[in-house]
Structure formats: C-alpha cells, structure tokens
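Data block below; observations after.
The values are calculated or read from the model by the stated rules, or taken from the named source; none is laboratory data. The structure displayed is predicted, hence computed values, not measured ones. When we count neighbours, we look across all protein chains shown, and the Cβ atoms used for this are built from the backbone with ideal geometry, even at glycine. Accessible surface areas use protein heavy atoms only, side chains included; no ligands, DNA or RNA. Shrake-Rupley method; radii C 1.70, N 1.55, O 1.52, S 1.80 Å.
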Amino acid sequence: MVAALIIASGKTKDRADFEPLREVGTIPAIHRIIRVFQRAGIERIAVVCNDSEKPGSHMNVVYLPGKEGGQMLDNVKIGLSYLQDKCTAAMVTHVAVPLFSVETVRALMFASDGPVYVPFYRGRTGHPLLLRADYFGEILSYEGEDGLAGAVRASGLQRRFIEVEDEGVLANIEDKDSCDHLLSEHSLRKSSPEIKIQIVREKPFYGPGAQLLLQLTEETGSLLEACRRMGISYSKGRKIIAVMEQQLGEPVIESRQGGKDGGYSVVTEEGRQLMERYTAFCLEAKQCIHDLFEKYFTL
C-alpha cells in the first residue's frame, strides 16, 4: 500500500515555515494536496504540522505534531517513523508545491522497483517523490544539514526519474502567476465522484471518521491519542464510540488497566471485523460508483 506524507511545518533554507492554509484557487493548499492524493487512490495520509493547528481535520487524515523550531527534514523523519510499518512506499511532499496532478501521483504509484522515484518535467525535478519503505531507515539515520535531498544523496539511493507533462510538480506557492496559470487546467478542475459511505440503523453509526478512529485506537492503544491524531476532541471521539456501541449493541473498544499511563484501549474482535468488512465493502462500492460515473458523466 502506498501512503502519503505531507509536511506542513518546519524550516528550510528558503523559508522559516510553511503556510498550509494559504488559498490556491478556491481551497487551501493543504486541502488541495490531500484531495489530489485521495483522488489518486491513497487512503493513508499523514500530515506533520504545528501542534496548535490541524488544517483539514474533516478530511480523514492523520496529524502528527512536528518538532518545534525544527527543520523540514526533522518532520519528514517524524512522518516516516510513523509510516514505516504501515505502507510499502510513501509519497512525500511539502505544502509549498500544491499543484501537481492526480495523473503524476498515479504515475509514481505504479513505478516498479526502484528505491526513490522523482517526477521530471522538462529537465527539472519536482514534487512529490516516492520513497520505498524498505529504505526509510537510510533517511532516518541521516544527520546532515542538507535536507531530504541531502539525505537521499548521502544514502547512496539511486533516484529514478518519471517524465511527466505536469508543470505543477515545479509550481511554488510563492509564484502566484505560475499558480494562476496552472489552476484552470489542474486535475481537480475535472469532475469526479466522491462518496462517503455511512452505515445506518436507527442512527448513522459508522463511516470514514469512525473507521479512522478505530484504526488509530488500535495502532496507538489509546482513544485519547487517536482523537489527537484525528484533530478532534476526546469528547467527540467518545461520542462516536458511544453511538457505534449503542446501535450495534456490543462494545467496539475495551479499556484495560496497566501500561505506562495507567491504562490502554483495545479494539474488540467485533470492532476489527467491522473495520475489515467496511474496508472491503468501500473498495467494491467505489469501483461501482466510478463505473456509473463514467457511464453517465463522461461525454
């Protein structure tokens, strides 16, 4: 499975920090990047950002607090550490280059066997890059000061270039004229079906948000930490679980004593089965919706 890592905070040689909520077109840069990844078929998306801001908390992504005052590479390492046992490869980018296309992401996703793939437009490399999970360790062990590019060079990993007809891989958010020029032809300007499937009894009780909440609780062993990573309050998370259990008539999370914080949460067998069935159902349903969209909306 290919995941995505979006860096929304951290210093570089050219900037003191990023502006994830700066609008590009009609939506913030961070929302644009998340939508591109999701439309390309990436479901596991992690955003490393300042702990005080969760840009796009309604978009079913995982938020990881960045290193306060740290370099961009510090935050890349935070993201790769989180993803290393959860994916086969990660698409890595920062929010200052928000106009690469869905087609470019898919081209990188389907690249075969190299350790690092980089989009290449008319003689210049751009964003995002694809890094195989087998090689995350080389980046995580780098202690130099030349950022992610320096980490890749120092590791000796061979970069492979994917030629794309996508000027957006180069377009920096600071170059307003370039961004304005690209917006009218950007892949998000094309219509596409987007469905969020809910399961309902007397009340709606299960959908993408509930699914992510259970996944993160299982990963972290803590409902509180799961809520933090989703950018929601603990009380909201408890309410989601309460409605789920009320409608199902059985527990999906159990609290147990012990652990470094005095207790931890585990997803029950019923909860795990619900996650598995929902994932499989959504995959098939989305393909059906795509086929119907092609039938009715493709001229």
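Taking amide H positions as placed 1.01 Å from N in the peptide plane, with prolines and chain starts having none, which residues 5 or more places from Thr268, or on another chain, fall under 5 Å of its amide H?
Ile253, Glu254
Please list, ordered by chain and number, the residues whose modelled amide H lies under 5 Å from the amide H of Arg44; skip anything fewer than 5 residues away on the same chain.
Amide H to amide H, under 5 Å and 5 or more residues apart or across chains, Arg44 pairs with Ala4.
Distance in nm between label sites at Val200 and Arg15, each 7 Å beyond Cα in the beta-carbon direction?
For Val200 paired with Arg15, the spin-label model returns 4.2 nm.
How much length is gained on full extension from Ala154 to Ala280, taking 0.36 nm per residue of separation minus their Cα-Cα distance?
Taking 0.36 nm per residue and subtracting the Cα distance, the gain is 41.3 nm.
Taking 0.36 nm per residue of sequence separation and subtracting the Cα-Cα distance, how much length would be gained by fully extending the chain between Arg189 and Asp177, in nm to one decimal?
That pair, Arg189 and Asp177, stretches by 2.5 nm at full extension.
I need the phi-derived Karplus couplings for region 118-131: 6.51 cos²θ - 1.76 cosθ + 1.60, θ = phi - 60°, integer Hz, Gly and Pro marked x.
Using θ = phi - 60°, the values come out as 10, x, 10, 10, 6, x, 10, 8, x, 10, x, 10, 10, 10 Hz.
Residues of region 201-239 with the amide nitrogen closer than 15 Å to a label point 7 Å from the Cα of Glu270, along Cα-to-Cβ, please.
Once the point is set 7 Å along Cα→Cβ of Glu270, 201-202, 205-206 turn out to lie under 15 Å by backbone N, inside region 201-239.
Hey, any idea what % of region 121-219's accessible area is carbon plus sulfur with a 1.4 Å probe?
Carbon and sulfur atoms account for 42 percent of the accessible area of region 121-219.
Send over a whole-number figure in Å² for the accessible area per residue of the chain, probe 1.4 Å.
About 52 Å² of surface per residue is accessible.
Computed from the mean reciprocal separation of all distinct C-alpha pairs, what Kirkwood hydrodynamic radius does region 85-209 have, in Å?
16.7
Put a dot 7 Å past each Cα toward the Cβ at Glu143 and Val243; how far apart are the dots in nm?
About 5.0 nm separates the two model spin labels.
Keeping all protein chains in place and using 1.4 angstrom, which order do Ile30, Ile197 fall into by accessible surface area, from largest down?
Most to least solvent-accessible, the answer reads Ile197, Ile30.
Could you sort out which of Lys77/Lys239; Lys67/Lys190; Lys11/Lys86; Lys67/Lys196; Lys176/Lys286 sit more than 29 Å apart by Cα distance in this structure?
Table pairs above 29 Å Cα-Cα are Lys77/Lys239; Lys67/Lys190; Lys67/Lys196; Lys176/Lys286.
For the chain, what relative contact order do you get, as a whole percent, if you take Cα pairs closer than 8 Å and at least 6 residues apart?
The normalised contact order for the chain reaches 15 percent.
Counting DSSP beta bridges with both partners in the chain, what percentage is antiparallel, nearest 5?
Here the share of antiparallel DSSP bridges comes out near 45 percent.
Which order do peptides 35-45, 146-156 fall in by mean Cβ count within 10 Å, highest first?
For the peptides 35-45, 146-156, the packing ranking is 35-45, 146-156.
Report Lys239's accessible area, 1.4 Å probe, all protein chains in place, as a number in Å² to the nearest 10.
Counting only protein heavy atoms, Lys239 exposes about 140 Å² to solvent.
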